[in-house]
Ligand code: THU
């Protein structure tokens, strides 16, 4: 894990994109709004926000919305994914999102968390050790 400040992180545009995505959250039940932004190795950015449902289990997280949007538009190689909420604590991605990140982006993906002015950068492999992936199905 690496630590930065908001103004020293190398991809400020991606931090802003996740913040803007946050505005699109549909979270009337939890009131916990999340924004995410993912960058491809070609430099493109895709965003997502959590979209809740009155049938609670149908809710999808911001990270999956961003990755699925990107995938459906043809993006195949991802470098960095930022997750942001407006809470005074860290918002780490849930287990389901980590698994989807592994599938679509791989273990080298940089997963970026923000709290206040502090930025933490993890590799997905740190957040999802001993993962079940396609190798297990061979
Ligand atoms: N949520 C996300 O969108 N991403 C996360 O990393 C954690 C949780 C959403 C799902 C749900 O709408 C709300 O936050 C509370 O769990």
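Every number in this text was worked out from the coordinates using simple rules, so none of it is lab data. Note that this is a predicted model, so its numbers are computed, not measured. Glycine gets a Cβ as well: all are built from the backbone with ideal geometry, and neighbour counts include every protein chain shown.
Computed values, structure above
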{"item": "Boolean, residue 9 is exposed (fewer than 15 other Cβ atoms within 10 Å of the Cβ), assigned to a loop (DSSP other than H, G, I, E, B) and in contact with a strand residue (DSSP E or B) (Cβ under 8 Å, 6 or more places away or on another chain)", "result": "no"}
{"item": "Scan of the stretch 44-65 for residues that are more than 18 Å from residue 80 (Cβ to Cβ), more than 9 Å from the ligand (Cβ to nearest atom) and surrounded by 23 or more Cβ atoms within 10 Å (Cβ to Cβ), ordered by number", "result": "none"}
{"item": "Leading residue by the ranking (surrounded by the fewest Cβ atoms within 10 Å (Cβ to Cβ)) among those in the stretch 12-43 that are more than 10 Å from the ligand (Cβ to nearest atom) and without any contact (Cβ under 8 Å) to a residue 24 or more places away in the chain", "result": "43"}
{"item": "Wholly within the stretch 45-137, strands (runs of 3 or more DSSP E) carrying at least 3 residues that are in contact with a helix residue (DSSP H, G or I) (Cβ under 9 Å, 6 or more places away or on another chain) and within 25 Å of residue 4 (Cα to Cα)", "result": "45-49, 78-85, 110-115"}
{"item": "Residue satisfying condition, being farther than 20 Å from residue 26 by Cα, more than 14 Å from the ligand (Cβ to nearest atom) and surrounded by 12 or more Cβ atoms within 10 Å (Cβ to Cβ), within set 76, 110, 98", "result": "110"}
